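Here, each number is a calculation from the coordinates, and none is a lab measurement. Computed from a predicted model, the values in this text were never measured in an experiment. Please note: Cβ atoms are built from the backbone with ideal geometry, for glycine as well, and neighbour counts cover all protein chains shown.
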Amino acid sequence: MARVLVQDAPFDIAAETAALTAGRTDVGGVGSFLGVCRADDGLAALVLEHYPGMTERAIGRIVDQAQARWPLTGCTVIHRVGRILPGEGIVLVLTASAHRAAALEACAFLIDWLKTSAPFWKREEFAAGTHRWVAARAEDDAATARWTQDAAAAGRAKA
Amino acid sequence: MRVLYFAWVRQKVGVAEEDVSPPAEVRDVAALVGWLATRTPGHAAAFADPKQLRAAVNQDFATPDHPVAANDEVAFFPPVTGG
């Protein structure tokens, strides 16, 4: 049900979205997140490295959690690696469900977890020929922690 | 034991992966870091501040007290920055 890809090539959002609804009539909404390469501080390109094998495993695990938590009819995660130019897509998350709340929440959950739990590293290349590794952000950890707090709160509410 | 390095850890160590045979007293990730740091000046630079490093054992994130054994695949890398 889930489509997980790690690839060098650009992705086609329209085609990926159409694939989630093709041939079915139970989808009421598709949530989407498209991460795009920004050109901060004269950035010429982002170069993404990953840990082949562990990456697919880590994303698969996050997708399993999303599917256990929300009633999704389909889910697509595509993360690019290699050299990415400003304006190009880096990551695509699509979540389909009968209703919008599940689709939107699952989409936010997936991108928050991807940022902190999938083994990708970004290196910034600048026009001057210099480069630097992107540092992890505390805000990303906080965004991910929100989901475990939400789960704990939901658990308490049910008890 | 197969050891893999990613991002700036790989650049500092100078290789992407290597096969190593640590002594028997190296039983967990923290001890492996201490032993690897003695191998070359590049390793020493990469492992100078273990707080900046994250590890995986057999492709799952692992804490410093996670056990390591001869047939494991162990990876060291900075905190992840995908998405």
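Structure summary
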| read-out | value |
| --- | --- |
| Exercise: per-residue mean of other protein chain Cβ atoms within 10 Å, A:115-123 | 6 |
| Number of partner chain Cβ atoms within 10 Å, mean per residue of B:69-82 | 6 |
| Highest to lowest packing among B:42-48, B:20-26, scored as the average C-beta count within 10 Å | B:42-48, B:20-26 |
| Cα gyration tensor category, rounded, prolate or oblate, for the stretch A:1-140 with a/c compared to 1.5 | prolate |
| Average beta-carbon neighbours from other chains, 10 Å sphere, peptide A:53-63 | 3 |
| Shape of the stretch B:2-77, Cα gyration tensor, a/c cut at 1.5 | rounded |
| Calculated FRET efficiency for the pair B:Ala48/A:Arg83, C-beta based, R₀ 25 Å, to 0.05 | 0.25 |
| Residues A:Thr73, B:Thr38, A:Thr95, sorted so that the one with the fewest Cβ neighbours within 10 Å comes first | B:Thr38, A:Thr73, A:Thr95 |
| Two-site label geometry, A:Leu34 and B:Glu73: point separation in nm, points 7 Å out along Cα→Cβ | 3.4 nm |
| Long-range tail of P(r) for the protein assembly as shown (Cα pairs > 21 Å, %) | 62 percent |
